[in-house]
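The values are calculated or read from the model by the stated rules, or taken from the named source; none is laboratory data. Note that the structure is predicted; figures quoted are calculated from it, not measured. Every residue, glycine as well, gets a Cβ built from its backbone with ideal geometry; the counts of neighbours run over all protein chains shown. Calculation scope for accessible area: heavy atoms of the full protein, side chains included, ligands and nucleic acids excluded. Shrake-Rupley method; radii C 1.70, N 1.55, O 1.52, S 1.80 Å.
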Amino acid sequence: MNGDALWTIGELARRTGLTVKTVRFYSDQGIVSPADRNPAGHRRYGPEAVARLELVLALRELGLGLPAIRRVVERELTPADVAAAQAEAIDLQIRVLRLRRAVLGAVARMGSTPEELTLVHRLARLTEDERGRLIGEFLTGVFGGIEDGGVGGGGRFAAVARSLTPELPEEPSVEQVEAWVELAQLAGDAGFRALLRGLAEAEAAEAAGTGLPRPGLAVAVRELAGPAVAAGVEPGSAEAAAVVAVLVERYGRCCAGAVPGEAGAVRDRLAERLGAMADPRRERYLELLAVVNGWAAPESWAAEVDWAVRAVA
């Protein structure tokens with residue numbers, strides 16, 4: 001290329017593949033300056049203008065706006081700075097688009113009425129902080145003030161609360177978003193919150209009755225009802241009655257002082273506790289939690305609890 005060559009704005013446009021209007025715009029903005037003007041006052045551009053316009057085109061392809069382009073052209077930013085910043089911005093856009101796609105998939109599958117669609121959309125688009133506040137309020141409502149004055153006190157229920165905390169990943173799948181939406185709806189269910197609160201309070205009261213660490217009621221149900229279910233024992237049979245007697249006796253020992261010692265009172269309290277444990281929302285929360293957090297599906301003990309409910313009744 002001849003270093004002394006000068007071109008009119010039309011010739012520069014043809015060399016760069018841009019329109020005259022576009023070249024004039026960048027010239028008016030000071031991104032590309034004319035080398036001089038001909039006797040008629042028309043702008044003329046040298047080889048540097050071609051190089052600058054090619055740089056501008058490359059930066060535009062990266063998605064930069066005019067202010068950033070100006071800073072690169074004026075050497076306030078290096079191309080490496082620009083590339084790093086744009087790569088980070090593109091990563092963020094990809095995450096946003098993936099979340100949006102997952103949200104749309106969840107809305108398409110779950111929103112059957114306008115009200116449900118609105119709720120699903122709102123819950124799915126909560127920020128990480130908003131999700132944390134929602135779950136934090138739920139868990140505080142369940143465990144707050146029991147024994148250690150709050151969920152974060154490090155007492156009996158602190159670890160339980162942590163284990164019940166969903167953490168939606170930055171790039172969730174459609175299934176994880178759907179699970180999060182359903183879980184968030186459960187967390188907002190006052191009846192479900194009251195159910196778990198009652199279970200926690202009962203657990204605390206029964207533990208206080210002995211003052212000693214012990215396996216919980218759920219462990220006893222699994223150990224005693226599990227074999228009965230596997231063997232096909234009918235809940236109303238004599239064989240089931242023998243299992244129930246052991247279960248009532250174990251429960252009476254583990255909550256001594258919290259429940260009157262009469263066998264009838266212990267059995268009534270046991271039936272009440274088993275009924276709360278059998279609520280399907282409890283197991284459903286755990287299933288959804290595993291999907292959101294990417295854990296293995298939890299083992300179901302619904303059959304054993306249901307058997308114990310019918311056998312004790």
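Pairs linking a residue in the range 68-94 that is open to solvent by less than 90 Å² (accessible area, probe 1.4 Å) to a residue that is of a type in the set (S, T, Y), with Cβ atoms under 9 Å and 6 or more positions apart or on different chains, are I69/Y26; V72/T78. Scan the range 280-308 for residues that are farther than 14 Å from V181 by Cα, in contact with a helix residue (DSSP H, G or I) (Cβ under 6 Å, 6 or more places away or on another chain), in a helix (DSSP H, G or I) and open to solvent by 60 Å² or more (accessible area, probe 1.4 Å) and the total you get is 1. Filtering L57, L64 for residues that are open to solvent by 40 Å² or more (accessible area, probe 1.4 Å), farther than 29 Å from S173 by Cβ and aliphatic (A, V, I, L, M) leaves a single hit, L57. Over 30 Å from T127 (Cα atoms), assigned to a helix (DSSP H, G or I) and at pLDDT 90 or above: is that true of L199 in this structure? The answer is yes for L199.
So, L12, is that one buried (at least 17 other Cβ atoms within 10 Å of the Cβ) and out of contact with any strand residue (DSSP E or B) (no Cβ under 9 Å at 6 or more places or on another chain) or not? No: the conditions fail for L12. Residue count for the range 149-168, restricted to those that are in a loop (DSSP other than H, G, I, E, B), at pLDDT below 90 and open to solvent by 50 Å² or more (accessible area, probe 1.4 Å): 3.
The residue pairs whose first member lies in the range 174-190 and is under 17 Å from G294 (Cβ atoms) and open to solvent by less than 10 Å² (accessible area, probe 1.4 Å), whose second member is hydrophobic (A, V, I, L, M, F, W, C) and not in a helix (DSSP H, G or I), and whose beta carbons are closer than 7 Å, counting only pairs six or more residues apart or on different chains, are W180/L168. For R52, state whether it is surrounded by 15 or more Cβ atoms within 10 Å (Cβ to Cβ) and either over 37 Å from the mean Cα position of the chain (by Cα) or at pLDDT below 80 (or both). Yes: the conditions hold for R52.
Remark: pairs (first residue in the range 97-124, within 17 Å of P172 (Cα to Cα) and touching a residue at least 60 places away in the same chain (Cβ under 8 Å); second residue of a type in the set (D, E, K, R) and assigned to a helix (DSSP H, G or I); Cβ separation under 6 Å; 6+ apart in sequence or on different chains) = A106/E178.
Out of curiosity, is G10 in a helix (DSSP H, G or I), more than 30 Å from E171 (Cβ to Cβ) and without any contact (Cβ under 8 Å) to a residue 12 or more places away in the chain? Taking the combined requirement at face value, the residue satisfies it.
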